[in-house]
Amino acid sequence: MTVPEPAATATARSPAGSAVHLTRVTRLFDGLAAITQVSLQVGTGESVWLRGSNGSGKSTLLRVIATAISPTYGGGTVLGHNLTRGRARIRATTELVGHNTRLYDELTATENLHFVCDLLGLDPAGVPAALERVGLAEVATVRAGNFSQGMRQRLVLARCLVRRPRLLLLDEPYAGLDPDARVVVDDLLAESGRAGRTVLIASHEAPPEQLVHRTVVMDGGRLNGEDP
């Protein structure tokens, strides 16, 4: 078996037009591989559905791309920045929507979004419109700690609308959402596509076919080709 290249010595450079370029990425937890030898390239402005069942490694892969965790072996680039040495630059223009909403429970919906704007130097003028779009305008002054899980997911979608990240990573974005909120997810996908943003959707549920360019299959921690 070929030994993967350690992350610390990986020197992959991003090909022209590539937003995500991974080379033989492996991530171990307690000696067990969650993802194994994953090589993936996603073009700038491309929307890709990462299809796979629960436990297939989709969430781990997105967390590696978002720099929430580091690869154990292998390496690559995200938005032109080295996966291990350019973490701060990657995070500044990447949004991961996953099981951990990363909201501040003691802050209101509006305050959560204003905090993100202050942190990233963004204009907060779009906050009310974002809350309106996700159906949270009437609870804008309610603390996030009092929100249901579905409402928290809506607030995270509002954060995406305010941030407008260059790379959007969606981990099971439809889970636990009512039909109206699912429409918000689809609208976000459509808007991202029109704006030329790169999107990677990890889900066992199919997003609308017209909103993705291609499908990549993941199984047992490995990429298993593409759907026709």
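Read the figures in this text as sums done on the coordinates, not as results from a lab. All figures in this text were calculated on a predicted structure; none of them were measured in a lab. A quick note on method: Cβ atoms are made from the backbone with ideal geometry, for glycine too, and the neighbour counts reach across all protein chains shown.
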Legend entry - Neighbourhood net charge (12 Å Cβ-Cβ; Lys/Arg +1, Asp/Glu -1) for G126: +2
Legend entry - Relative compactness, region 104-154, computed as alpha-carbon Rg over 2.2 N^0.38 Å: 1.05
Inset, instruction - For the chain, give the magnitude of the charge dipole about the Cα centre (Cβ charges: +1 Lys/Arg, -1 Asp/Glu; no others), in debye to the nearest 20. - result: 820
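If you wrap a convex hull around the C-alpha atoms of the chain and split its volume per residue, what is the figure in Å³?
Output value, Cα hull per residue: 129 Å³.
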Inset, instruction - Using Cα pairs closer than 8 Å and at least 6 residues apart in sequence, work out the relative contact order for the chain, in percent. - result: 28
Legend entry - Charge tally in the Cβ shell below 13 Å around R166, where Lys, Arg are +1 and Asp, Glu are -1, R166 excluded: +3
